[in-house]
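Participant: Quick one: the structure is below, and I'll ask about it shortly.
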Amino acid sequence: MPRPSIPQMSFAKVYPLLVQKAERKGRSKDEVDQVIFWLTGYDAEGLQAQLEAGATYEQFFAAAPQLNPNRSLITGKICGIDVTAIENPVEQNARYLDKLVDELARGRAMEKILRA
């Protein structure tokens, strides 16, 4: 069975993996949520509603209250792909989120992760 494209992947299934990645390195679920809130504008209730609805990445980002305009400051590679070179906006936002969680797991300070 072929792997679904990133926009069609279930965010609800990926979210626990993002949390696990951070927790393995001593970071918390709350910090992962903070990164998601910064990137998307969701609050705790909005995030929970998306998880319960089983939203795909496409649905998750389409319903985001306010995508952070500073997300374009996120640079680098994730899975060998330069995040600034990704043309599909849903895929790019998903990779931005992956990059932020990677930075969190590597111990980077939250103010630097959030491009403050």
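The values are calculated or read from the model by the stated rules, or taken from the named source; none is laboratory data. Note that the structure is a prediction, hence the values are computed from the model and not measured. Heads up, the Cβs are rebuilt from the backbone with ideal geometry, glycines too, and the neighbour counts pull from every protein chain shown. When the accessible area is computed, the model is the full protein with side chains, heavy atoms only, and any ligands, DNA or RNA have been set aside. Shrake-Rupley method; radii C 1.70, N 1.55, O 1.52, S 1.80 Å.
Participant: Which number in (1) out of contact with any Gly (no Cβ under 7 Å at 6 or more places or on another chain); (2) under 27 Å from A109 (Cβ atoms); (3) surrounded by fewer than 15 Cβ atoms within 10 Å (Cβ to Cβ) marks the one condition that P65 misses?
Facilitator: The single condition P65 does not satisfy is (1).
Participant: Please state which of the following conditions A94 fails to meet, knowing it meets all the rest: (1) touching a residue at least 24 places away in the same chain (Cβ under 8 Å); (2) part of a loop (DSSP other than H, G, I, E, B); (3) within 13 Å of the chain's Cα centre (by Cα).
Facilitator: Of everything listed in (1) touching a residue at least 24 places away in the same chain (Cβ under 8 Å); (2) part of a loop (DSSP other than H, G, I, E, B); (3) within 13 Å of the chain's Cα centre (by Cα), A94 misses just condition (2).
Participant: Would the range 40-60 turn up any residue that is over 18 Å from K112 (Cα atoms), open to solvent by 20 Å² or more (accessible area, probe 1.4 Å) and β-branched (V, I, T)?
Facilitator: Yes, because at least one residue in the range 40-60 is over 18 Å from K112 (Cα atoms), open to solvent by 20 Å² or more (accessible area, probe 1.4 Å) and β-branched (V, I, T).
Participant: I'd like to verify a number: residues in the range 17-39 that are open to solvent by 60 Å² or more (accessible area, probe 1.4 Å), of a type in the set (D, E, K, R) and either under 22 Å from E111 (Cβ atoms) or in contact with a Pro (Cβ under 8 Å, 6 or more places away or on another chain) (or both), how many?
Facilitator: Counting residues in the range 17-39 that are open to solvent by 60 Å² or more (accessible area, probe 1.4 Å), of a type in the set (D, E, K, R) and either under 22 Å from E111 (Cβ atoms) or in contact with a Pro (Cβ under 8 Å, 6 or more places away or on another chain) (or both) gives 4.
Participant: Mind listing just one residue for me: the one in the range 21-37 that is over 13 Å from the mean Cα position of the chain (by Cα) and in a helix (DSSP H, G or I) and, of those, farthest from G54 (Cα to Cα)? If you could, list the steps in order and put the result at the bottom.
Facilitator: Applying the first criterion (over 13 Å from the mean Cα position of the chain (by Cα)) to the range 21-37 yields 23-28, 30.
Those still in the list that are in a helix (DSSP H, G or I) too: 23-24, 30.
On the way: E23: 22, R24: 24, D30: 20 Å.
This residue is R24.
Participant: Looking at L18, L67, which is the one that is within 13 Å of the chain's Cα centre (by Cα) and not in a loop (DSSP other than H, G, I, E, B)?
Facilitator: Testing whether each residue is within 13 Å of the chain's Cα centre (by Cα) and not in a loop (DSSP other than H, G, I, E, B) leaves just L18.
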